[in-house]
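Undergrad: Let me give you the structure first, and then I'll get to my questions.
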Amino acid sequence: MPRLTRRNLLTGLALAPGLAHAAPVPTDNGFTQDWFHEGFLDLPEDLREATAEGKRLAVTFDQRGCPYCREMHTDHLTRPEIEGFVRPRFRIIQLDLHGARPVTDFDGTVLEERALARRWRVTFTPSFIFLPEQAPPRMGREIEVARMHGLMPKPDFLAMFTYVAEHGYAGGRSFRAWRERG
């Protein structure tokens, strides 16, 4: 059995933060991640801040009791390879498909979360809407660069974030075409 020495203890403590990964945070409405952005739900401002930080903006819609939302938070986003890629590259705003918090859309319209979901034609949860680095003053549905409907298998889930981070959509290339590029 290895002996516990001060050197081994200090080495272990130094490496421990690298082993930590995201843990889902239970909420009244389901789950969230402690690294999701909590702001004033002013999407144009959130986009400017994300871009200034060198990150992409993604809006996710969840709902209470959604088993796929729970799986996304407790399994997908807690995987070190997924969390390690997404967290430093994306600012994620979490909205409730049936929520009533006021949200400012990119065209300046202020709506409740549920009205924004209808306006953006969000029908599945979880759904991720990915936005460009700069947005004209039009509603989010008109400017999104990619959308993830429902929960994808982990490899595809990570690939969608990679597709957006690498501008795989440039030139109108679909996620499927980008995935098949080899």
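The values are calculated or read from the model by the stated rules, or taken from the named source; none is laboratory data. Owing to the predicted nature of the structure, the values given are computational and were not obtained by experimental measurement. Methodologically, a virtual Cβ is constructed for each residue, glycine included, from the backbone with ideal geometry; neighbour enumeration extends over all protein chains shown.
Undergrad: Being touching a residue at least 40 places away in the same chain (Cβ under 8 Å), surrounded by 21 or more Cβ atoms within 10 Å (Cβ to Cβ), among the β-branched types (Val, Ile, Thr) and assigned to a helix (DSSP H, G or I): is that true of residue 103 here?
TA: No, not satisfied.
Undergrad: Sticking with this one: Between a residue in region 147-160 that is small (Gly, Ala, Ser) and any residue that is assigned to a helix (DSSP H, G or I), which pairs come within a Cβ distance under 9 Å, given they are 6 or more apart or on different chains?
TA: 150/68; 159/175; 159/178; 159/179
Undergrad: Please go through region 165-178 and pick out each residue that is surrounded by 13 or more Cβ atoms within 10 Å (Cβ to Cβ) and not in a helix (DSSP H, G or I).
TA: Across region 165-178, the qualifying residues are 167, 168, 169, 173.
Undergrad: Related question: When only residues in region 67-109 that are under 16 Å from residue 50 (Cβ atoms) and aliphatic (A, V, I, L, M) count, which is nearest to the chain's Cα centre (by Cα)?
TA: This residue is 92.
Undergrad: If you check 121, 181, which single one turns out to be at pLDDT below 95, surrounded by fewer than 13 Cβ atoms within 10 Å (Cβ to Cβ) and out of contact with any strand residue (DSSP E or B) (no Cβ under 6 Å at 6 or more places or on another chain)? Step through it out loud before you land on a result.
TA: On the way: 121 fails: at pLDDT below 95.
Just a single option satisfies the conditions, and that option is 181.
Undergrad: Just to check your reading of the model, which residue among 129, 82 is outside any helix (DSSP H, G or I), under 26 Å from residue 159 (Cβ atoms) and hydrophobic (A, V, I, L, M, F, W, C)?
TA: 129
Undergrad: Just give me the residues in region 30-79 being crowded, with 19+ Cβ neighbours inside 10 Å, modelled with pLDDT under 95 and among the small types (Gly, Ala, Ser), in sequence order.
TA: Of everything in region 30-79, just one residue is crowded, with 19+ Cβ neighbours inside 10 Å, modelled with pLDDT under 95 and among the small types (Gly, Ala, Ser), namely 30.
Undergrad: Same structure, new question: If you scan region 71-99, which residues turn out to be under 19 Å from residue 139 (Cα atoms), hydrophobic (A, V, I, L, M, F, W, C) and out of contact with any Lys or Arg (no Cβ under 7 Å at 6 or more places or on another chain)?
TA: 92, 93, 95
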